[in-house]
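Enquirer: Have a look at this one before I ask anything.
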Amino acid sequence: MNILHLHTELNITCGISKTIFLIAKYPKDGDMHYVLAFGGDAGKKYSGSGINVVFLKRRRSFFKDFLYLKKFVKKNEIDIIHSHHRYWDFVADSASRFFGAKRITSVQSFVYGKKLMSYKSPVLLAAGESVKKHLVDYFGVNKKRIVVFNNFTDESEIKAVRQKQEVRTELDIPDDAYVFGYAGRFSVKEKGIDVLADAFRDFSGKYSGARLVMAGGGSDIKKILIPENTLILDSKENIFDYYNIFDCFILPSRVDPFPLACLEAGMMKIPFIGSDVNGIPEMIENNKDGLLFPKEISLMLSEKMEVFYKDRKFAGECSRRFFDKVKEKYNSTKALDKLNRIYRNL
């Protein structure tokens, strides 16, 4: 089958972009995958793996996108259109009367408004149970149209290339410094980076030798007061070189459907602390394979940071248990086999 994936931006640090990459990188049963987006910084990664990727290199225009999609589907004999953004879901639905391709849409975020224009595909893949609930409660989607399809990891993709000491030296981090890390979009409203900054400031008042490394992109980083001993990094092509220096990974989100970063930290055996929102508790069992704190409560996050900082043995036990869970439940082999069955049952 010929399968077309539609997204707005393909970016190196974007979880959705990573998922599309893995789906297209490992085709099943002779399938051919195409990827269409407006832009992004991950094009080299895609094309370097032999994936057919096309960048429109322009802003959205419904009429132009409608015509382009109709032409592309016909020219490449597309059997399935897999939308990864509700804009493309709407465009594909509008154009569907002109072609016979089947449609499916992945839903990996909580969005609001535009109810009459959203999620028209016959089958919706919800990233987690919290996303499924949102689709039912807010958009009124029939449960029978929804399949829970969790994010997943590919062990071969999650590896550090550079030595840990090399990266610490690059960042001028002392050998004995404990490193808390965050990687992802710099967002206050969704990712809660302000909560992390406040928590680390409180923590540093007790333990001055620690460091906080925040890697990602987004203008919200300018909206928060950066604590001392904090390093702000741009998005990195191989972010796992920087994961590798983290003694603890923190995800302080206010909203997070089913974060891929959590799974990536698990695969690298990094002790994990996250807020108790949405999809994070679907993965993390508090005090067993990680620590959870009430969202937005920076003082509680600081206390959880102190737990792992003071008890390295417990932190290691949690990370090993989470590694085992991720490797068993959220691996690419199981996920792609499931997706293959879904495609063929459309």
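Taken together, the values in this text are just the output of simple stated rules run on the coordinates, not laboratory data. Source: prediction; values computed, not measured. Ideal geometry is used to build each Cβ from the backbone, glycine not excepted, and the neighbour counts take in all protein chains shown.
Enquirer: Which value, in debye to the nearest 20, describes the size of the charge dipole of the chain about its Cα centre when Lys and Arg Cβ atoms bear +1, Asp and Glu Cβ atoms bear -1, and nothing else is charged? Mind showing how you got there, number by number?
Expert: Details: 56 positive and 43 negative charges, 371 e Å.
Computed charge dipole of the chain: roughly 1780 debye.
Enquirer: Now for a separate question. For the range 86-163, count the residues as N, evaluate 2.2 N^0.38 Å, and divide the Cα radius of gyration by that value, please.
Expert: Ratio of Cα Rg to 2.2 N^0.38 Å: 1.35.
Enquirer: Any idea what angle helix 298-310 forms with the longest principal axis of the chain, computed on alpha-carbon atoms, 0 to 90 degrees, nearest 10?
Expert: Taking Cα atoms only, the helix is inclined about 70 degrees.
Enquirer: How large is the convex hull of the Cα atoms of the range 27-171 per residue, expressed in Å³ as a whole number? Can you show the working numbers first?
Expert: Numbers: hull volume 26.0 nm³, N = 145.
Roughly 179 Å³ of hull volume per residue.
Enquirer: Okay, moving on. Å³ per residue of the Cα convex hull, for the chain?
Expert: Working: hull volume 46.3 nm³, N = 346.
About 134 Å³ per residue, rounded to a whole number.
Enquirer: Here's something else I'd like to know. List the residues, sorted by chain then number, that are 5 or more residues from G218 or on another chain and whose placed amide H is less than 5 Å from its amide H.
Expert: Residues meeting the amide H criterion: F186.
Enquirer: Over the Cα atoms of the range 236-308, compute the convex hull volume and normalise it per residue, giving Å³. Walk me through the numbers on the way to the answer.
Expert: Numbers: hull volume 6.5 nm³, N = 73.
Normalising the Cα hull of the range 236-308 by residue number yields 89 Å³.
Enquirer: To continue, here is another question. With respect to the cross-link table entries K159/K310; K75/K132; K223/K288; K191/K288; K70/K191, which display a Cα-Cα separation exceeding 25 Å?
Expert: Details: K159/K310 27 Å; K75/K132 34 Å; K223/K288 34 Å; K191/K288 23 Å; K70/K191 36 Å.
The pairs that break the limit, which is 25 Å between Cα atoms, are K159/K310; K75/K132; K223/K288; K70/K191.
Enquirer: Take the Cα atoms of the range 164-329, find their three principal axes, and give me the spread along each one in whole Å, biggest first.
Expert: 36, 34, 34
Enquirer: Related question: Would you mind getting me the FRET efficiency between M32 and N331? Use the beta-carbon distance for r and R0 = 22 Å, nearest 0.05. If you can, show how the numbers build up before the last one.
Expert: Numbers: r = 24 Å, r/R0 = 1.08.
After rounding to 0.05, the efficiency reads 0.40.
Enquirer: Past 32 Å, Cα to Cα: identify those pairs from K206/K329; K102/K222; K143/K304; K222/K295; K133/K206, in the order given. Could the numbers behind the result be given before it?
Expert: Values: K206/K329 38 Å; K102/K222 44 Å; K143/K304 37 Å; K222/K295 21 Å; K133/K206 41 Å.
In this structure, K206/K329; K102/K222; K143/K304; K133/K206 exceed 32 Å between Cα atoms.
Enquirer: Could I ask something else about it? Using all C-alpha to C-alpha distances in the range 123-252, build P(r) with 5 Å bins and read off the rounded percent in each one.
Expert: Reading the bins upward from 0: 2, 9, 16, 17, 15, 13, 11, 8, 5, 3, 1.
Enquirer: May I pose another question? Residue farthest toward the positive end of the dipole of the range 164-329, with Cβ of Lys/Arg at +1 and Asp/Glu at -1: which of Y207, P227, V307?
Expert: So the residue furthest toward the plus end is V307.
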